[in-house]
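Worksheet: one structure, shown below.
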């Protein structure tokens, strides 16, 4: 299994090289040269597997440069009930991603039972163990540079804290995360963790990460790696729970299902796209956006026009306050029938601050990939949080509410619909209190996390300043 860049100007690499490298040297993103296919016999075998067994079965098809015995150890170390022990009552944490039935053919796929209470933990814990394994084998060190709109940062830091040979430099938009999200990151005192708050929005942080990664001399000299969903390992690890959710809500391997995914950087739903391409019977992938509805506009019109920082809204679902979705490039590569020249021409316009529009034939092709979309606003989120608390006695977070709103927009009673949960509600208390008048319950270990001392550096939106900081601390 070899991996190629979406822009076609980088050498083919194996999984380990892609994992440690992050962004491709030509500025593109890595994808498998060919997607493996899971046939009817495979699906039948997978249906009764535990989560670790399912992950191992899937990973083996994408990873052939790590011995299977070692890969098995990494998987078993990653997916345990101890790591994913904070779950809703009546759910078994050993399932890792339990499915909660809300009503006939409408389900919530619970993804937020990990240590930072967000779906990012499921992939990031795998990355942490795999990074440590590979660096030890190669006698190397790695400086991870990442950007977060709220949840990626804490998930990465909790997964990498204390790991040998790894330092983490995490960029976040200054004063634009929830108080809980900021406290999760900034209260960590591990010597290998560096928090950097950028005066700007998430897209500014992400642009800095890409600019640093595209400086190939600096990247090589300072051993820069990535944990954002530009890293293929993140996407691969997220593919697993689409299979798990599918098996939870079906009794055969022909039934088609729909998934709805709250979407910011397009990584989570890109994993659903990969699952579909490998043979999972997915009918629709519903892209759920908030007021920053660039992707909703694209899937309805074929026009992709990222907004500037100044025109990106700050909302009550802040992890989705993104107007330039990195992983979108992976889907467009497949949509363009893997033509790197067409892809590069489109992304040259984006990298120059412009936009592109699909041709009529390209736009029509979207339907064959199952993508549809919807958007929501603050009042939709508050109303749905209140409604679901009243009807089902559960509290959902604001991002999950965006997803449920989109799921209801496209719900077909005859087709199972799984809405993906993204985080637990305690991360966004202000909106929960606005909706239902009470604070969601917290684990005792996180009761007063906002009161802990916090350490972080504040920088202007300046690539060279970030490079200097990395040099000084490596």
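Each value in this text was obtained by applying a stated rule to the coordinates, not by laboratory testing. Here the structure is a predicted model, which means the values were calculated and not measured. Every residue, glycine among them, receives a Cβ derived from its backbone with ideal geometry; neighbour counts consider all protein chains shown.
Rg/Rh for the stretch 323-474 (Cα atoms only, Rh after Kirkwood) is 1.07. Global size of the stretch 186-307: 18.1, 53 Å for Rg and Dmax (C-alpha atoms, Rg to one decimal, Dmax whole).
Using just its DSSP H runs of length 4 or more, each adding -39500 (n - 2.57), the chain gives a mean residue ellipticity at 222 nm of -12500 deg cm²/dmol after division by all residues. Taking the DSSP bridge list for the chain and keeping only pairs wholly inside it, about 25 percent are antiparallel.
Compute the Rg to Rh ratio over the stretch 258-400 from the alpha carbon atoms, using the Kirkwood formula for Rh, and round to two decimal places. Over the Cα atoms of the stretch 258-400, Rg/Rh equals 0.99.
Go through 361-367, 29-35, 188-194, 16-22 and give me the packing order, highest mean Cβ count within 10 Å leading. Before the final figure, lay out each step's value.
Details: 361-367: 13.4, 29-35: 19.3, 188-194: 17.3, 16-22: 21.3.
Per-residue mean Cβ counts within 10 Å order the peptides as 16-22, 29-35, 188-194, 361-367.
Once you have a ≥ b ≥ c as the square roots of the Cα gyration tensor eigenvalues for the chain, tell me rounded if a/c is under 1.5, and otherwise prolate or oblate according to whether a/b is larger than b/c. Since a/c stays below 1.5, the shape of the chain is classed as rounded.
Against the empirical 2.2 N^0.38 Å (N residues), the stretch 51-105 has a Cα radius of gyration ratio of 1.40. Normalised by residue count, the stretch 114-210 yields a Cα convex hull volume of 87 Å³ per residue.
Packing around the peptides 255-263, 394-402, 138-146, taken as the average count of other Cβ atoms within 10 Å per residue, puts them in this order, highest first: 394-402, 255-263, 138-146.
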